[in-house]
Amino acid sequence: MQMLSLKASGGQDQTPKAQVESSSSIPMVVLKVFFPSCCSSAESGLLVGHWIPEQNSAVILAVVHFPFIPVQVKQYLSEVRQVTQVNVSVLGTWSNCKKKEESLSEFLEDLGTIFSHEPWIQLCKETDSKFWSCSIIQKHPSTPKEDEIILVYYDQRKVMLSHLHPPGNLTNSTDHKAEDASKLAILFDTVAKSKVLFMKDRYDDGPIKLTHWQSEGVEASIIVELMKQASIPVCMLLTFLLSFVSSVCKSRVLKFWPLCFIWSKLSTCEQLGHRLEHLQVISSNRKAQNQPQLMRKANIFVSLLADVALGILLMSWLYRKNRIGHLADTLIPVADHVAKELQDLLQWLMGVPAGLKMNRALDQVLGRFFLYHIHLWISYIHLMSPFIEMILWYVGLSACLGLTVALSILSDIIALLTFHIYCFYVYGARLYCLKIYGLSSLWRLFRGKKWNVLRQRVDSCSYDLDQLFIGTLLFTILLFLLPTTALYYLVFTLLRLLVVVVQGLIHLLVDLIDSLPLYSILLRLCRSYRLAAGVKFRVLEQKTGKPLRLLMQINPLSYGSVVQTYRLPTYSCYPKDSWGSLCKKLFLGELIYPWKHKGEKQD
Amino acid sequence: MEEREDCIALQCRQYSASCREFSVRCQPVQLRSLSAATCSVWLAAYWLFVLTQNSMVLSAAIFITLIGLIVYLHFVKIDQESLLVIASLGIQMTSSYASGKENTTFIEMSRVKDVVINEAIYMQKVIYYLCILLRDPLDPQSVSEVVPLFQSSKPRLDCLVEVYRSCQEILEQRKTVSQTL
């Protein structure tokens, strides 16, 4: 190992002289041996694994101990090959002894003639030294060349359980690029598929005695096994219940026009439908085919559990100390207070708002119209007041279905309580919209032009005198009434936007709880080797003449990538309108629906 | 003896004929600047306390200083950056932070097209940086991504040239290997 260091100062420019000595002969071929660290202390035997000729690398999976009968070893390996589809074969010999014995080394070389494999790897370890020696025997070398050997240690159990996430641009590669495919993916695949090989180990009574990661103790958990057995009847019961519930939901009774309109507007129903879908995914009897499906199921399950737990917590907090009663008692005064504030606002608008001069007659008409609405609304609220507490009590019980359901109910309650603001917004917007269209059309008439519907463009047109006269009159009237309508529109739009923002925040929270992959995050926290972004190598102590030793460890995925890869899909789309088009709609008086759900027809 | 303040050190190690490691060590955390930052935050907090007579300000200042220090050491201050090149496996970049955390990225050799020194014009000066060119899997001749190296320690051209020469020697080996196979 040659070492050299040079200092570069930030202030002056120095060109330090440095030489790097390179070795005299550049090796032509590099052979990589991936050796499991659990076999480092195994007794002497045969190396069993998979040889990848394209990468010139050998992946050692297990060590077969003496005594063995070669025929039985070959038979066992061919059985394993059939089951796992991995080309497992005897790759070489492994000797772990106190000092080099001549007889043993001859015996090991003879084994090379029985199990012919090209190339034949001989790994030798002396008990008190940490540097191993490795030699390769090639029977028919095509060209005379020197081999450099790199020994890479890997943790077999972790590599077997881990799932590799290739970087983004490689996930789109198609099958014909298989030879270019990640070499690491092949390594991980090989170890993962060889599970059958790891079933038997050297403590079993059988002709073959193997050492691999299970030799340190076969791992199993009673709880996991019990849960696996119990999950089958539970799944069947759940499927039956869910089919019953979904058949009720799909029944014709609930599809009549007023009801189905209400269901589509309430966010609680959407959320409940979403959760029902999730339950159906979990309770299906088919096993997950591949890793993303398994992670998805697990994420849905953990997310549901967390949701229900938080919901029950909320419920226990609400029902203690009669908080529901307090809530119901404060609801009516709050609604009254909101109505009173609105009435004050309208009185202000009917007077001289912010020093602007309004058209008296129109002002009074609009103001009285809206005041009457508020009066009606307050009467309805007061009519309902005796039943509020009971309704709230029963509605609060539904929080046990999950925190998301409780939040959706809250959002719906806010929508219902501010329904009058929504009505005012719609009236104001429609009036304003009519006015704007009227004005633009009459402005065109004023200039002698007309909108050609067929050609979708503005054309010149000759009008009669009386048409022009009436048009100009109407234009003037609309123009001078514009400030009043615009002010009412502005005030109610702002109020509506405030309510939309509050509802939007609640929806954001619901979406966050819905889509967060809790199981993946917990897995990344506790068993970070299961989600691998790649590998990292560390160079271990070297000795000249011995092969290069590297330790391969798993590089876990970052939390951001975990959330991005395993996010659960949600049902709502965020506002697709850009700010520009939103402003344009507001200016023209078109109604805005910022939160659209997937599957709804576009307005 | 050179001043230790403005120094960065480059260390090249050759483990075997096809494996080399280059590490650049940045200047360590300066006690002077840490104390200056802490003192200024505490003085500001004390001044606020005198104004408002609220002792929460002082505890908030202590909290902020501690959290800020931990965040700085764990996420911002990079102590050492190293590059490990293994001809048949790939190139690995490691940054180690002052708190001991290490951030590693490994790029396989099949994705690496070349290692070059790029010139860039930044405001009024020309800077040089070493970068890895990655191959596009669909079109082997084009470059899909450029990965810059030694972003935080920013060694100068003389260091970069040494690292470049060593890297090129190793990369040539894989060309000769692929030609013989």
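The values are calculated or read from the model by the stated rules, or taken from the named source; none is laboratory data. It should be emphasised that the depicted structure is a prediction, and the values quoted were computed from it without experimental measurement. When we count neighbours, we look across all protein chains shown, and the Cβ atoms used for this are built from the backbone with ideal geometry, even at glycine. Surface areas here come from the heavy atoms of the whole protein model, side chains and all, with no ligands, DNA or RNA. Shrake-Rupley method; radii C 1.70, N 1.55, O 1.52, S 1.80 Å.
One table, with the values for the structure above:
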| read-out | value |
| --- | --- |
| Filtered residue count, region B:15-25, keeping only those that are open to solvent by less than 10 Å² (accessible area, probe 1.4 Å) and facing another protein chain (nearest Cβ under 7 Å) | 2 |
| Test for B:I70: is it surrounded by fewer than 12 Cβ atoms within 10 Å (Cβ to Cβ), farther than 24 Å from A:I150 by Cβ and in contact (Cβ under 8 Å) with a residue 24 or more places away in the chain | yes |
| Criterion: within 14 Å of chain A (Cβ to nearest Cβ), β-branched (V, I, T) and closer than 19 Å to B:T94 by Cα - qualifying residue of B:V143, B:V163 | B:V163 |
| Qualifying positions in region A:88-107 - open to solvent by less than 80 Å² (accessible area, probe 1.4 Å) and touching a residue at least 24 places away in the same chain (Cβ under 8 Å) | A:V88, A:S89, A:V90, A:L91, A:G92, A:T93, A:W94, A:S95, A:N96, A:C97, A:L104 |
| Counted residues, region A:342-351 - those being without any contact (Cβ under 8 Å) to a residue 60 or more places away in the chain and surrounded by 12 or more Cβ atoms within 10 Å (Cβ to Cβ) | 5 |
| Region A:34-57: number of residues that are more than 12 Å from every other protein chain (Cβ to nearest Cβ), within 40 Å of the chain's Cα centre (by Cα) and buried (at least 22 other Cβ atoms within 10 Å of the Cβ) | 6 |
| Residue within region B:129-150 that is surrounded by fewer than 17 Cβ atoms within 10 Å (Cβ to Cβ) and among the basic types (K, R) present | no |
| Residue match in region B:89-99 (condition: modelled with pLDDT of 90 or more, open to solvent by 70 Å² or more (accessible area, probe 1.4 Å), closer than 23 Å to B:V76 by Cα and facing another protein chain (nearest Cβ under 10 Å)) | no |
| 1 or more residues among the hydrophobic types (A, V, I, L, M, F, W, C) and open to solvent by less than 50 Å² (accessible area, probe 1.4 Å): qualifying helices (runs of 4 or more DSSP H) within region A:219-304 | A:222-249, A:267-283 |
| Residue list for region A:377-397, restricted to those being over 12 Å from A:D336 (Cβ atoms) and free of Cβ contacts under 8 Å to residues at least 40 places away in the same chain | A:Y380, A:L383, A:M384, A:P386, A:F387, A:M390, A:I391, A:Y394, A:V395 |
| Criterion (surrounded by fewer than 19 Cβ atoms within 10 Å (Cβ to Cβ) and farther than 30 Å from A:Q364 by Cβ) met by exactly one of A:V535, A:V510, A:V501 | A:V501 |
| Enumeration of residues in region A:123-160 that are open to solvent by 60 Å² or more (accessible area, probe 1.4 Å) and modelled with pLDDT of 70 or more | A:E126, A:T127, A:D128, A:K130, A:I137, A:Q138, A:D155, A:R157, A:K158 |
| Test for B:S59: is it open to solvent by 40 Å² or more (accessible area, probe 1.4 Å) and of a type in the set (S, T, N, Q) | yes |
| Positions within region B:154-177 being under 20 Å from the mean Cα position of the chain (by Cα), within 16 Å of B:V85 (Cα to Cα) and open to solvent by less than 70 Å² (accessible area, probe 1.4 Å), in sequence order | B:L160, B:V161, B:E162, B:V163, B:S166, B:C167 |
| Filter result for B:P148 (free of Cβ contacts under 8 Å to residues at least 12 places away in the same chain and more than 8 Å from chain A (Cβ to nearest Cβ)) | no |
| All positions within region B:112-131 that are touching a helix residue (DSSP H, G or I) at 6+ places or on another chain (Cβ under 8 Å) and either at the interface with chain A (Cβ under 9 Å from one of its Cβ atoms) or over 29 Å from A:L550 (Cα atoms) (or both) | B:Y128 |
| Odd one out for A:K546, checked against (1) open to solvent by 60 Å² or more (accessible area, probe 1.4 Å); (2) at pLDDT 90 or above | (2) |
| Region A:532-553 residues that are facing chain B (nearest Cβ under 9 Å) and without any contact (Cβ under 8 Å) to a residue 60 or more places away in the chain, paired with ones that are open to solvent by less than 40 Å² (accessible area, probe 1.4 Å) and aromatic (F, W, Y) (beta carbon under 6 Å, 6 or more apart) | A:K536/B:F106; A:V539/B:Y15 |
